[in-house]
Each structure stands twice: as structure tokens, then as C-alpha cells.
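K.L.:
Here's a structure for you.
The values are calculated or read from the model by the stated rules, or taken from the named source; none is laboratory data. Computed from a prediction, not measured in an experiment: that's the story for all the values here. Positions of Cβ are generated from backbone atoms using ideal geometry, with glycine treated the same way; all protein chains shown enter the neighbour counts. Surface areas here come from the heavy atoms of the whole protein model, side chains and all, with no ligands, DNA or RNA. Shrake-Rupley method; radii C 1.70, N 1.55, O 1.52, S 1.80 Å.
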Amino acid sequence: MSKLYIVPTPIGNLKDITFRAVEILKDVDLILAEDTRTSGKLLKHFEIGTHMQSHHMHNEHKTVEALIQKLKSGVTIALISDAGTPAISDPGFLLTRACVENGIAVDCLPGATAFVPALVNSGLPNDKFIFEGFLPVKKGRQTRLLLLAEETRTMIFYESPHKLIKTLAHFCEYFGEERQVSVSRELTKLYEETIRGTAKEVLAHYTNKPPKGEIVVVVAGNSKK
């Protein structure tokens, strides 16, 4: 029977892929990849010869219907992103929703995602937390930050290296300079690091040492509520 598999891929260290993920990627009829060049390196490493098709944020709206028809015809498909679990700040939601609406089985494998190790590494409370992903770049950013300033749960953000300084400065402005922050960079990779401290301290660190690589920012909730 047709099925859509959501398959997490390593966020850095190739050893973090699961045996089951490799098995499924070898067995399905088609792999949907965010960037076929990036995923091609992963598939080559694990000797996976399954045909790939591009599926990314710029074409996913146009391709969903055709993919649903393929699945209905009996084709089995695996969806992967460049790194981590698809649909977490990556393409995947639209196709998954369409499968659910059409009664097509969806099987999401457990596996790598960046925010979980960043949250655990932070040392901040993780019994309750919210995942915010990327903040709005311009429109709606101030409104979102004002709302989050009152949030009591630990908050998790994704950020790009060239925007980290601006975001940390906004955290100082809207959350207060003494709010606890943890920045995890290049998780599972050779130069992995986690910098912890107040928003002011972490901002000073990265002002003096511009960041590189993939970044997850974990921020303590408002303890004054």
C-alpha cells in the first residue's frame, strides 16, 4: 500500500541517521529532497540509489496534488529535508496535511532535530517550552517580541549567523538584559559549542566573536509573571 514516510536526516554527524531511516530510503519508490545536491551526498554515503525529486518551499504548493496522485497509484514516497526532521521550519506540512485529508498513511520516523539537544544543553527548564522557529524578519517582529516578553515557558528560536546579533539585541530590549539565554551552534559537528549567560553577556560574546554555522537560541521564560 502507498505510504508517505517522513524521514529525519542528520543535522551534522552522519552517524546520527537510524538503521530504519536508511532501510526505508532504500526501499521506497521515490525520495523527495529539499535540495537534491545536498541530499545526494547523504544518499551516496549510505549507498542509496533511490530516485530523487526536488521538493522545497518554492515548489511545494504546485507539486502536492501530483504527489498525492502518485501516492494514490501505489507509489511509496520518503520525504527528507537538508537536515533534521522535515516540516520543522522546513517543507513537509503541506504534503502531510494533504495525505491526511486523502486518507493516505503517513509514518514519521523519530530522529535528528536541532532544537531538542539545544534545549537539553541549555540547562534551562524543559518541562514546558515553546518552539518559535524563526522570528519574523520585519513585519510582525515587534508585535511577536512584545507578546513573547510575557511568556513564562522556555522559548526556542532558530536564527541565521548574520542575524544573531540583531536578535540578541532585541532580546535585551524586549526581555531584559538579565534574561538567561543559551546559544547552541553547529550541533553534532566538529566545532559545536554552547554559550550560556544573560542576554547581555551572550550578545557581548558574539559581538566580539561573530558566529558561523547553524544556530539554535534558547531563552528562559519570564519568571516575574
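K.L.:
Any idea how far apart Ser223 and Glu177 come out in nm if each label point goes 7 Å out from Cα toward Cβ?
P.N.:
1.8
K.L.:
Another one. Based on the inverse mean of 1/r over its pairs of different Cα atoms, what is the Kirkwood hydrodynamic radius of segment 1-97, in Å?
P.N.:
Its Kirkwood hydrodynamic radius stands at 13.3 Å.
K.L.:
Multiply the residue gap between Arg153 and Lys212 by 0.36 nm, knock off their C-alpha separation, and tell me the result in nm, one decimal place.
P.N.:
18.5 nm
K.L.:
Tally the DSSP beta bridges in the chain and give the antiparallel ones as a percent, rounded to 5.
P.N.:
Antiparallel: roughly 50 percent of the beta bridges in the chain.
K.L.:
Distance between Cα centroids, segment 144-202 to segment 34-74: provide it in whole Å.
P.N.:
Taking the Cα centre of segment 34-74 as reference, the centre of segment 144-202 is 33 Å away.
K.L.:
Once you put a point 7 Å from the Cα of Phe19 and another 7 Å from the Cα of Ser2, both along the Cβ direction, what distance in nm separates them?
P.N.:
If labels sit at Phe19 and Ser2, their model points lie 3.2 nm apart.
K.L.:
So between Phe46 and Lys166, what do we pick up on full extension, going 0.36 nm a residue minus the alpha carbon distance?
P.N.:
Values: separation 120, 0.36 × 120 = 43.20 nm, distance 3.92 nm.
Residue separation times 0.36 nm, minus the Cα-Cα distance, leaves 39.3 nm.
K.L.:
Compute the label zone of Arg37 within segment 81-98: residues whose backbone N is under 16 Å from the point 7 Å along Cα-to-Cβ.
P.N.:
82-83
K.L.:
Sticking with this structure for a sec: Excluding same-chain pairs closer than 8 in sequence, count the lysine pairs in segment 15-167 whose Cα atoms lie under 27 Å apart.
P.N.:
For segment 15-167, the number of qualifying lysine pairs is 21.
K.L.:
Mind computing the radius of gyration and Dmax over the alpha-carbon atoms of segment 14-71? Å is fine for both.
P.N.:
Both quantities, over Cα of segment 14-71: 12.2, 34 Å.
K.L.:
Grab the DSSP H runs of the chain that are 4 residues or longer, score each as -39,500 (n - 2.57), total them, divide by all residues and round the 222 nm result to the nearest 500 deg cm²/dmol.
P.N.:
-10500 deg cm²/dmol
K.L.:
Continuing with this model, one more query. At 7 Å along the Cα-to-beta-carbon direction for both His56 and Tyr191, put a label point, then send me their distance in nm to one decimal.
P.N.:
2.4
K.L.:
Once amide H atoms are built 1.01 Å from N in the peptide plane, which residues 5 or more positions from Ile11, or in another chain, come under 5 Å H to H?
P.N.:
Gly84
K.L.:
What does the highest-first list of 70-76, 56-62 look like by mean Cβ count within 10 Å? It would help to have the intermediate numbers written out before the result.
P.N.:
Numbers: 70-76: 14.9, 56-62: 11.9.
Highest-to-lowest ranking by the protection proxy: 70-76, 56-62.
K.L.:
May I ask you to give the percent of accessible area on the chain that is carbon plus sulfur, with a probe radius of 1.4 Å? Don't jump to the answer; show the numbers that get you there.
P.N.:
Values: 6520 of 12140 Å².
Answer for the chain: carbon and sulfur cover 54 percent of the accessible area.
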